[in-house]
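Step one of this worksheet: look at the structure below.
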């Protein structure tokens with residue numbers, strides 16, 4: 001069999017010159033910006049080193065002899081070197097060597113097979129690699145980003161674009177502008193994420209507007225008007241930024257922030273993104289998972305296992321930068337639900353550094369600049385109280401009724417008396433409700449019934465705390 005060192009240089013060094021760069025460019029590495037060094041510097045070193053060896057080998061004398069010897073050694077060791085580098089840039093050093101050893105062995109065997117494969121097979125595999133490992137992921141990500149960009153800006157705030165129908169010029173889901181509100185109206189700004197926005201719900205079914213319907217039917221002393229400032233994947237930090245920019249236009253009497261479990265992670269992530277002046281980080285892998293679970297439900301059983309392995313091995317760049325930002329351990333994108341996956345003692349620093357700091361700033365701004373009161377609503381996800389709700393949801397990253405799923409509620413129960421705003425806990429209402437389902441079957445969000453339950457409970461809670469110009473007993477009974 002032909003000695004691979006006698007093959008063309010790029011074929012003999014296929015692992016380090018082609019496969020390694022493709023892996024790094026596609027997936028990044030845990031060296032990403034470590035110490036201020038871009039991981040792509042590795043590629044410069046590899047390509048530059050090979051180019052230097054190639055140039056020197058064409059020179060005469062001792063320099064040429066040394067370079068040719070280095071080149072021969074590089075070609076012979078290329079599969080092993082490439083496998084080692086690929087594993088080192090993609091994975092942390094784990095506590096167990098079994099899985100990484102298997103990965104290393106598979107990589108070496110694949111690369112050895114490629115360099116010894118017949119030309120027609122090698123060319124076919126190379127084309128397949130380019131198509132499925134480079135072109136398809138790039139095209140999918142590009143198409144998804146283009147699709148998202150039709151409705152949302154791609155900066156960190158990623159606010160929805162005005163559509164002339166339900167999204168106004170401020171990115172609020174409100175059929176009107178601030179100037180359309182009357183001076184005598186009692187204006188409430190509902191701030192939050194997709195649960196507040198009303199994901200996959202009609203305008204009237206979103207929880208803020210169901211609240212408005214209840215209030216207007218309850219004989220309140222003033223006409224209550226609601227403005228929905230929620231949008232997908234928002235957080236207290238982004239909500240505060242929006243309030244600072246447009247809140248004054250609506251002259252609010254009350255601001256209600258509705259807190260989701262993903263907010264705790266998102267606030268830390270967005271703060272880091274703002275410091276780095278980067279764009280919104282679009283998670284194409286989450287879209288892939290959603291498509292797989294939606295169209296091939298059987299794949300759901302395999303995804304947790306894949307995540308368990310990759311979460312232990314894969315070093316997510318964002319997680320490390322968040323750790324540097326916060327001075328504490330913050331999980332990466334695969335664990336947005338870390339506050340319900342860890343004991344409160346572990347997640348408390350992250351809670352206080354992100355969400356609680358930003359809610360405090362929101363309350364101060366609301367009181368001092370907008371001249372309004374503020375309340376916080378904390379509501380449960382289905383998995384925090386039920387194993388029946390959203391049973392086939394595409395979303396992963398948590399275990400229904402796990403041992404720590406109620407830690408955020410426990411935290412607020414501990415600190416509620418010390419906060420400058422009231423906290424409305426909706427967990428008891430959802431847990432005690434006889435209505436079913438309250439969530440979509442294949443999606444983690446409320447259906448119209450769940451949004452209605454939230455609206456009724458928030459109305460009752462705000463009225464009982466005298467934050468509304470309504471009698472606490474004036475709640476209209478649901479149909």
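The values are calculated or read from the model by the stated rules, or taken from the named source; none is laboratory data. This one's a predicted model, so the numbers in the text were calculated from it and none came from an experiment. So basically every Cβ, Gly included, is an ideal-geometry build from the backbone, and we count neighbours across all protein chains shown.
Matching residues to (1) in contact (Cβ under 8 Å) with a residue 24 or more places away in the chain; (2) within 21 Å of residue 76 (Cα to Cα); (3) in contact with a helix residue (DSSP H, G or I) (Cβ under 6 Å, 6 or more places away or on another chain):
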| position | (1), (2), (3) |
| --- | --- |
| 118 | no, yes, no |
| 131 | no, no, no |
| 139 | no, no, no |
| 151 | no, no, no |
| 155 | yes, no, no |
| 158 | yes, no, no |
| 161 | no, no, no |
| 170 | yes, no, yes |
| 177 | yes, no, no |
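Condition check for residue 229 on (1) at pLDDT 95 or above; (2) assigned to a helix (DSSP H, G or I): one failure, at (2). If the condition is being buried (at least 21 other Cβ atoms within 10 Å of the Cβ), outside the structural domain of residue 441 (by TED's automatic domain parsing) and in a strand (DSSP E or B), then segment 158-206 contributes only 173. Filtering segment 218-243 to residues that are surrounded by fewer than 19 Cβ atoms within 10 Å (Cβ to Cβ) and free of Cβ contacts under 8 Å to residues at least 60 places away in the same chain leaves only 223.
If only one of 77, 113 is surrounded by fewer than 17 Cβ atoms within 10 Å (Cβ to Cβ) and modelled with pLDDT of 85 or more, which one is it? Within the list 77, 113, the selection yields 77.
Taken as a whole, the structure leaves residue 215 outside the set of residues that are outside the structural domain of residue 269 (by TED's automatic domain parsing) and part of a helix (DSSP H, G or I).
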